[in-house]
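> Mind looking over this structure? Questions follow.
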Amino acid sequence: MISNQHEHAFSVTRTRSAFRHRPMPSRSALCLAAALTLVGCLPDPTASDGDAAATTEAARASEAAGGMFQQRVCGAAQKGQMRCHALVRAAADGSLRPAGVALGYGPADLQSAYQLPDGGAGATIAIVDAFDDPSAESDLATYRANYGLSACTTANGCFRKVNQAGAASPLPRRDLSWELEISLDLDAASAVCPRCRLLLVEASSNSFSDLAAAVNTAARLGATVISNSYGGPEFSGETGFDGSFNHPGIAVFVSTGDSGFGVEYPAASPFVTAVGGTSLVRSAGAPRGWTETAWNGAGSGCSAFEPKPSWQRDSGCARRSLADISAVADPATGLGVFDSGNGGWLLVGGTSLATPVVAGIYALTAHGAEAGSYSYADPGAFFDVVTGSNGSCGSYLCNAGGGYDGPTGNGSPHASVLAARKAPLDAPSVFDAEYYLAHYPDLRAAFGTNAAAARNHWLSTGIDEGRSAARTYDGPFYLGHYPDLRNAFGTNYRAALTHFLTQGLAVEGRRGSREFDVAFYRTSNGDLQNAFHTDFAAVLNHWVIQGLPVEGRRGAREFDVRYYLARYGDLAAAFGTNFRAAIDHWINQGLPNEGRRGAREFDVQYYLGHYGDLAAAFGTNFRAALDHWASQGLPIEGRAGANEVDASYYLGNYADLRAAFGTSYTAAIDHWIVQGLPNEGRRASLAFDVQFYLATYADLRAAFGTNYTAAIDHWIVNGIAEGRKGAP
């Protein structure tokens, strides 16, 4: 903790289970400003009802790398008071070591870890703290400028600071402990939602009554969400104060504490979302690119006084259980925070960090109206944290595990999924006015280039008619491709669209159209796997914005736009490198009317000609034939989609692939596309062996060297016509 009073209250400690005092630091090492009275550092000479779960140590810190320790920013609170839950990295003697450059995680790290989408414009994150931070706005400017975030100032309307009554003055007196808490809260909220407005409400003191009044003011002034990073021991009359946190339509978040297993108030109130803590670490081998474990300092447990909310179903606590959700809190994996009053850049954590992070994510993803019950109704929108502990209670209340647990609740926010839950039916992933008008002559005749009219038609009529309004989503294809969805929705295209937006894309990575398969696109492009991991919405957006129009990247096994243009000279002459026009030609004419081949791996004319049962079933319905190969012919039956590419042959011919993929024909084809053909020149059918082809013809060897892709394309376009031999 930070103080200039009551030296006996301070010591750098180990964890609670191995608590022991260390030699006391000097007064100068602990004092940040001898002239300031820091109420946040007062000792706790009194005991309140139900405080058995609260810590009795004067400070708590754990040893970390480089001889650094974790130290409480605010001291123990007196009865009727709250203390902030921030922890700062400090030296072993208790002194702070501010740096000249940013420390710890920054906005890009949180964006990657929680898969944050763009958004938040118009939302307001209210930060409620005690006392005044006179440099709050200027320090915030330093933080945001350091990371290239847009300015957030009083002048541009982004930042507002008021007292607990909602007025710009008079402001409370200064307190350096709470000043660092304020800097942490503002910086964390900015990191997560840089487009959000910030409302700082400063309570006159750290008394519970003043902080409760500040919460009410935040709600009255139009907050979207309210972040509270403070607490104190539970007490027998606490239920009488729950009304201060009951603001329907405004999500109120409260930190659970930094003393490990144990319950604090107001986190115990059933009207708030109680935020626990995790340790967040980069992990290249994890699908998400990060791993989270329960932080040993996060508060959790079973309330002594608050009744069990109807939305909590855990069986090991008869009353209110904590936490509800969680986010990064461990100071060892904390946030770089700028606070000029305490010397500059510091590494800060605690559930004081987790709370504004979570509040910011809810504001960012348009979930500001959600109550504490939300994560219980939709646990799939959170990363489940399954390891770690914050005590020795012997149950889920202090040990992380699958599903709900005390230290981490239902997990940490999966922001892209949360955003998808609120995605409108005209989201860019499913609606493109230009495409919609170009795709349907009747709409083009009716609306011309009127994008607003096209949008209204889509929302009112087009969805229910099963029309396609984007290259990435086609309702009839979506239902036809997935039997479970067809059984669930029949021809209810509106329900199918909602499923795709809220679950099919973001959570499951399902394919929405013939042109684009998000799982294929991700796995066939290593750079996208590294950049987006399992953030399928971001992967789709990459293809729409850059992958297709700028780079001509392939979006599905059945269609490769660069191959399509290279294969057909008339199309290359017509479209050049207009990849959007080329893919639209294939969808509207090349496939359905002409049966043109869209990829090396699939030739619809071959597919129908090779299999008599399919020819009898589909005739010249080329779309139906392609859909059969994509949904059944390849993945279930292992049918060959082209003369040169046969997944069954490919697996049968290579023992290493058979061992790796078994009978996963889809995985086998993907291996051939990404590695087997271009890098290794492997043979994928009886009809064609690229190594033989190059070895047999010197002119081809001279022209292509070991460019196996170019060699197979030559065979398809010219070699067969020239009577060249493709295999022994």
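The values are calculated or read from the model by the stated rules, or taken from the named source; none is laboratory data. Just so we're clear, the structure is a prediction, and the values are computed from it rather than from any experiment. Cβ placement follows ideal geometry from the backbone for every residue including glycine, while neighbour counts extend to all protein chains displayed.
> When the range 547-585 is examined, which residues are found to be outside any loop (DSSP other than H, G, I, E, B) and of a type in the set (A, V, I, L, M)?
Here is the first cut: in the range 547-585, the residues outside any loop (DSSP other than H, G, I, E, B) are 547, 556, 559, 561-567, 569-575, 579-585.
Within the range 547-585, ALA556, VAL561, LEU565, ALA566, LEU571, ALA572, ALA573, ALA574, ALA581, ALA582, ILE583 meet the criteria.
> Next up: Where in the range 632-707 are there helices (runs of 4 or more DSSP H), lying wholly inside it, with at least 3 residues that are of a type outside the set (Gly, Ala, Ser) and in contact with a Phe, Trp or Tyr (Cβ under 9 Å, 6 or more places away or on another chain)? Before you say what the answer is, go through the steps one by one.
On the way: elements: 647-653, 655-661, 665-671, 690-696, 698-704.
Here the list reads 665-671, 690-696.
> May I pose another question? Yes or no: ASN588 assigned to a loop (DSSP other than H, G, I, E, B) and farther than 17 Å from ILE716 by Cβ?
Values: assigned to a loop (DSSP other than H, G, I, E, B): no; farther than 17 Å from ILE716 by Cβ: yes.
Against the criterion (assigned to a loop (DSSP other than H, G, I, E, B) and farther than 17 Å from ILE716 by Cβ), ASN588 does not qualify.
> If you don't mind, another one. Let me confirm something: among ALA433, ALA419, ALA415, ALA423, which residue is touching a Gly at 6+ places or on another chain (Cβ under 7 Å) and surrounded by 21 or more Cβ atoms within 10 Å (Cβ to Cβ)?
Details: ALA433 fails: touching a Gly at 6+ places or on another chain (Cβ under 7 Å); ALA415 fails: touching a Gly at 6+ places or on another chain (Cβ under 7 Å); ALA423 fails: touching a Gly at 6+ places or on another chain (Cβ under 7 Å).
It is ALA419.
> Here is a follow-up. Among the residues of the range 315-326, count how many are more than 24 Å from SER229 (Cα to Cα) and crowded, with 17+ Cβ neighbours inside 10 Å. Write out each step before concluding.
Narrowing the range 315-326 to residues more than 24 Å from SER229 (Cα to Cα): 315-318.
This time we only want the ones that are crowded, with 17+ Cβ neighbours inside 10 Å, so: 317.
Residues in the range 315-326 being more than 24 Å from SER229 (Cα to Cα) and crowded, with 17+ Cβ neighbours inside 10 Å: 1 in total.
> Residue check: is SER204 in the same structural domain as ILE125 (by TED's automatic domain parsing), of a type in the set (Gly, Ala, Ser), surrounded by fewer than 24 Cβ atoms within 10 Å (Cβ to Cβ) and in contact with a helix residue (DSSP H, G or I) (Cβ under 7 Å, 6 or more places away or on another chain)?
On the way: in the same structural domain as ILE125 (by TED's automatic domain parsing): yes; of a type in the set (Gly, Ala, Ser): yes; surrounded by fewer than 24 Cβ atoms within 10 Å (Cβ to Cβ): yes; in contact with a helix residue (DSSP H, G or I) (Cβ under 7 Å, 6 or more places away or on another chain): yes.
When the stated conditions are applied, SER204 passes them.
> Mind listing whichever residues of the range 154-170 are buried (at least 17 other Cβ atoms within 10 Å of the Cβ) and either in a loop (DSSP other than H, G, I, E, B) or out of contact with any Leu (no Cβ under 8 Å at 6 or more places or on another chain) (or both)?
Residues satisfying the conditions are CYS158, GLN164.
> Taking the residues in the range 521-546 that are out of contact with any helix residue (DSSP H, G or I) (no Cβ under 7 Å at 6 or more places or on another chain) and in a helix (DSSP H, G or I) as candidates, determine which candidate is nearest to LEU626 (Cα to Cα).
In the first step, residues of the range 521-546 are kept if they are out of contact with any helix residue (DSSP H, G or I) (no Cβ under 7 Å at 6 or more places or on another chain); the result is 525-527, 530-531, 533-534, 541, 544-546.
Subset that is in a helix (DSSP H, G or I): 526-527, 530-531, 541, 544-546.
On the way: GLY526: 26, ASP527: 28, ASN530: 31, ALA531: 31, ASN541: 25, VAL544: 22, ILE545: 26, GLN546: 26 Å.
Selected residue: VAL544.
> Something else now. Checking the structure you have, find out if any residue of the range 375-383 is under 21 Å from the mean Cα position of the chain (by Cα), among the acidic types (Asp, Glu), surrounded by fewer than 21 Cβ atoms within 10 Å (Cβ to Cβ) and more than 18 Å from THR293 (Cα to Cα). Show your work before the answer.
Keep residues of the range 375-383 that are under 21 Å from the mean Cα position of the chain (by Cα), which gives 375-383.
Still in the running and among the acidic types (Asp, Glu): 378.
Keeping just the survivors that are surrounded by fewer than 21 Cβ atoms within 10 Å (Cβ to Cβ) gives 378.
Now narrow it down to the ones that are more than 18 Å from THR293 (Cα to Cα): 378.
Yes: one or more hits.
> Select, from GLY403, GLY343, GLY394, the only residue that is on the phi > 0 side of the Ramachandran plot and free of Cβ contacts under 8 Å to residues at least 24 places away in the same chain. It would help to see each step written out before you state the result.
Numbers: GLY403 fails: free of Cβ contacts under 8 Å to residues at least 24 places away in the same chain; GLY343 fails: free of Cβ contacts under 8 Å to residues at least 24 places away in the same chain.
Going through GLY403, GLY343, GLY394 in turn, the sole match is GLY394.
> Suppose we filter ALA329, ALA304 for residues that are within 16 Å of SER255 (Cβ to Cβ) and either in the same structural domain as ASP132 (by TED's automatic domain parsing) or surrounded by fewer than 23 Cβ atoms within 10 Å (Cβ to Cβ) (or both); which single one remains?
ALA329
> Of the residues that make up the range 622-632, is at least one free of Cβ contacts under 8 Å to residues at least 12 places away in the same chain and either touching a helix residue (DSSP H, G or I) at 6+ places or on another chain (Cβ under 9 Å) or of a type in the set (Val, Ile, Thr) (or both)?
Restricting attention to the range 622-632, the residues satisfying the condition of being free of Cβ contacts under 8 Å to residues at least 12 places away in the same chain are 624, 632.
Next cut, either touching a helix residue (DSSP H, G or I) at 6+ places or on another chain (Cβ under 9 Å) or of a type in the set (Val, Ile, Thr) (or both) only: 624.
Among the residues of the range 622-632, at least one is free of Cβ contacts under 8 Å to residues at least 12 places away in the same chain and either touching a helix residue (DSSP H, G or I) at 6+ places or on another chain (Cβ under 9 Å) or of a type in the set (Val, Ile, Thr) (or both), which makes the answer yes.
> Starting from residues that are under 27 Å from VAL348 (Cβ atoms) and in a loop (DSSP other than H, G, I, E, B), keep the ones in the range 211-246 and report whichever is farthest from the chain's Cα centre (by Cα).
GLU234
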